[in-house]
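What follows is a set of notes on a single structure, which appears directly below.
The values are calculated or read from the model by the stated rules, or taken from the named source; none is laboratory data. Because the structure is predicted, anything quoted here is derived from the model rather than measured. In this analysis, Cβ positions are derived from the backbone assuming ideal geometry, glycine residues included, and neighbour counts consider all displayed protein chains. What goes into the accessible areas is simple: the full protein's heavy atoms, side chains included, and nothing from ligands, DNA or RNA. Shrake-Rupley method; radii C 1.70, N 1.55, O 1.52, S 1.80 Å.
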Amino acid sequence: MKRLIFLGPPGAGKGTQAKLLADTTGIAHISTGEMLRSAITSGTTLGKKAQTYVDMGELVPDDLLLDLLLARLRESDAKNGWILDGFPRNASQAAFLDKLLIEINQACDYAINLEVPERVLMDRLLVRGRKDDNPETIRRRLEVYHEHTAPVLDFYLQEGNLKSVNGDRPLEEVNKSLQEIVNGDSRE
Ligand code: AMP
């Protein structure tokens, strides 16, 4: 059983790699971005409240997200481990998760930082074509990442479970490095 947190800037490949790893290992893939997009598409109350933030590349306020995550972590598939993709995105979410995991008697094995140079991120996001992948929103999402999410790396560094993976490589190679971490035979 593994519990992993995928960190890294927008465009680093978190979603793609988390999905691939989830498919090959059977670990549940939990993407807060996907959960929000699905709430927006279904037009739920949460979706309606979250939409402007997502469209503008801002973080959705914690109070909208925390219950959503809590409910998802309590679903049965998450009992056998999880890959958190896109959460935590700021210091208060990291603190919330830390407290929550203690409460539910779970622990994160590794926080994985997918590292990709900034110019590559921009190029990748521009060809992806999601609604929030226009140049202006991408710029804002990168700013938000540096301002709010990058400091979270320090939190996991202090905890001693941060692993950095070079995400600027072919998809299969990145996946191989992640598999090695999951299988416990990673070389530092
Ligand atoms: P993602 O699919 O992870 O790139 O997320 C897309 C968008 O969803 C982000 O730009 C935010 O607006 C929102 N979002 C996803 N996860 C979070 C989170 N943990 N906290 C706040 N907003 C989030």
>> Just want the answer: with Cβ charges of +1 for Lys and Arg and -1 for Asp and Glu, which residue in I83, N105, L7 is farthest toward the dipole's positive end in the range 3-182?
In response: I83
> Can you list the residues, at least 5 places off or on another chain, whose amide H is less than 5 Å from the amide H of G57, using H built in the peptide plane?
Replying inline: none
> For the range 8-52, what class follows from the C-alpha gyration tensor (a ≥ b ≥ c being the square roots of its eigenvalues): rounded when a/c is under 1.5, otherwise prolate if a/b is larger than b/c, else oblate?
Replying inline: oblate
>> Leaving out ligands, DNA and RNA, and with a 1.4 Å probe, what % of the accessible surface on the range 1-120 is carbon or sulfur?
In response: 52
> Using a basic spin-label model with each label point 7 Å from the Cα along Cα→Cβ, how many nm lie between E118 and L171?
Replying inline: 2.8
> What are the residues whose amide H is under 5 Å from the amide H of I112, where those residues sit 5 or more places off or on another chain and H is modelled from the backbone?
Replying inline: I5, F6, L7, K163
> Between V54, L36, A71, whose Cα lies farthest towards the positive end of the dipole of the range 1-87 when Lys and Arg beta carbons carry +1 and Asp and Glu beta carbons carry -1, centred on the Cα centre?
Replying inline: A71
>> Apply the a/c threshold of 1.5 to the C-alpha gyration tensor of the range 41-111 and tell me whether it is rounded, prolate or oblate.
In response: prolate
> How big is the Cα convex hull of the chain in projection, averaged over all directions, in nm²?
Replying inline: 10.2
> Can you list residues whose amide H is under 5 Å from K2's amide H, if they're 5+ apart or on another chain and H is modeled 1.01 Å from N?
Replying inline: W82
> Too long at a 25 Å Cα-Cα cut-off: which of K79/K131; K19/K176; K99/K176?
Replying inline: K79/K131; K99/K176
> Residue separation times 0.36 nm, minus the C-alpha to C-alpha distance between E34 and Q106: what's the value?
Replying inline: 23.6 nm
>> Among I138, V165, L153, which residue has its Cα furthest toward the positive end of the charge dipole of the range 138-179, with +1 on Lys/Arg Cβ and -1 on Asp/Glu Cβ?
In response: I138
> For N183 and K79 in the same chain, what is the full-extension length gain: residue separation times 0.36 nm, less their Cα-Cα distance, in nm?
Replying inline: 35.6 nm
